[in-house]
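Following: one structure in structure tokens, then a few remarks.
Every number in this text was worked out from the coordinates using simple rules, so none of it is lab data. A quick note: this is a predicted structure, and the numbers were derived from the prediction, not measured. Heads up, the Cβs are rebuilt from the backbone with ideal geometry, glycines too, and the neighbour counts pull from every protein chain shown.
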Amino acid sequence: MHVGKVEIEDTYAEAFEGIYCRVIVTADDEETLRKAAEKATATPSIVIGRIEGGIERWLTPEETPDNRVGAVLQFWGGIDSRKSFQESLKKFEVELSYRIRQDILVKPFTAVFDASFSPEGQLDMMERVGHCGDGYEWVENRYGREMIIVPIMVPDFQIERRIGYARGVMGANFWIMCQNRETVKTAGEKALSAIHKVEGVITPFDVCSAGSKPETKFPHIGPTTNHPYCPSLKTRLGEESLVPENVRYIPEIVINGVSMNAVKEAMKAGIRSVLDVDGVVKVSAGNYGGKLGKYRIWLKEVLEL
């Protein structure tokens, strides 16, 4: 299948189920807000058993509970099939608290609010975030919400008492096969811009330069490079290489979303945005024959939505 000059490979993106929270972070000024949002979501670490996050969109004061500048963030955790869902949820709760405590609470005058759509349940933020007040924290109604007030040296951090959680789709992706470095930047920026117009999705890696695979010679460090798709190994690998002849760069865009529909809409928007970029040869996707996740999102079907 071709769309214009670009080939769409007859393949699918493999995705899996995850736990997520969707929150609003606010601050007095845009610089503080950006630092808090970016630091809290900076390390995509699902592949090493932790959590990852992303900035869904920026908010004006008219869109936030406390009428300050804000951002919608999503945080995601994996579901371990070898354990109960409650065990996975508890681990997610712990990891989420680290991101809030170490990256948001420490920024002056920040606040966190629940922004869940249809939560499956709620996490009580008192145990792992509120108690940063060492027993001096208190609860009161502010902005029409039940808020925990955590006394700190630059008074004071505020977080909504209960944050909703639900299950969504993680790890959906597409690959942009490019001829040159300039195409990587141009196509990547266009894809991210298009994707972030879709409500309910994030791109935890933004433009990612390092696709991985489940099999590895070094299991102690987790997933390693997807070597058949490394352009610099083409000569060394010979027939094992899967890099097309005129391709020198293969950036990946990974998408997490609150629903399959949101993920598919984001993939469609991202792929269509790069089809007219000079130097884009082919669009493909990462999958592992069903070994990683239960969802298969076919590129052709996405583009026909």
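Computed values, structure above
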item: The chain: most fluctuating residue of 77, 257, 290 per GNM, C-alpha cutoff 10 Å; result: 290
item: Hull volume in cubic angstrom per residue (convex hull over the Cα atoms of the chain); result: 144 Å³
item: Under 14 Å from residue 294, Cα to Cα: aspartates and glutamates that are on another chain or at least 8 residues apart; result: 14, 17, 80
item: Amide H partners (placed H, <5 Å) of residue 11, local residues excluded; result: 299, 300
item: Per DSSP, loop chymotrypsin sites (Phe, Trp or Tyr not before Pro) in the stretch 118-173 with at most 16 further Cβ within 10 Å; result: 136, 143
item: Loop trypsin sites (Lys or Arg not before Pro), the stretch 189-296, which have at most 14 other Cβ atoms in a 10 Å radius of their Cβ (DSSP); result: 197, 217, 291, 294
item: In the stretch 117-191, GluC sites (Glu not before Pro) in a DSSP loop with at most 13 other beta-carbon atoms within 10 Å; result: 120, 127
item: Where labels lie 7 Å past Cα in the beta-carbon direction, separation of residue 118 and residue 29 in nm; result: 4.2 nm
item: Under 25 Å between alpha carbons - lysine pairs in the stretch 17-166 that sit 8 or more apart or on different chains; result: 6
item: Karplus (6.51, -1.76, 1.60) ³J(HN,Hα), θ = phi - 60°, over the stretch 96-111, in Hz, Gly and Pro reported as x; result: 4, 4, 4, 4, 5, 5, 8, 10, 10, 3, 7, 8, x, 6, 7, 9
item: Between helix 181-195 and the chain: long-axis angle, C-alpha atoms, 0 to 90°, nearest 10; result: 50 degrees
item: Calculated from backbone phi, Karplus (6.51, -1.76, 1.60) coupling profile of the stretch 237-249 in Hz, x at Gly/Pro; result: 7, x, 5, 6, 5, 10, 7, x, 4, 9, 10, 10, 8
item: Cα pair distances exceeding 21 angstrom across the stretch 17-166, given as percent; result: 40 percent
item: Residue among 41, 235, 216 with the largest mean-square fluctuation in a Gaussian network model of the chain, springs linking Cα atoms under 10 Å; result: 235
item: Label-reachable residues, the stretch 238-259, where backbone N falls under 18 Å from a point 7 Å from residue 180's Cα toward its Cβ; result: 245-251
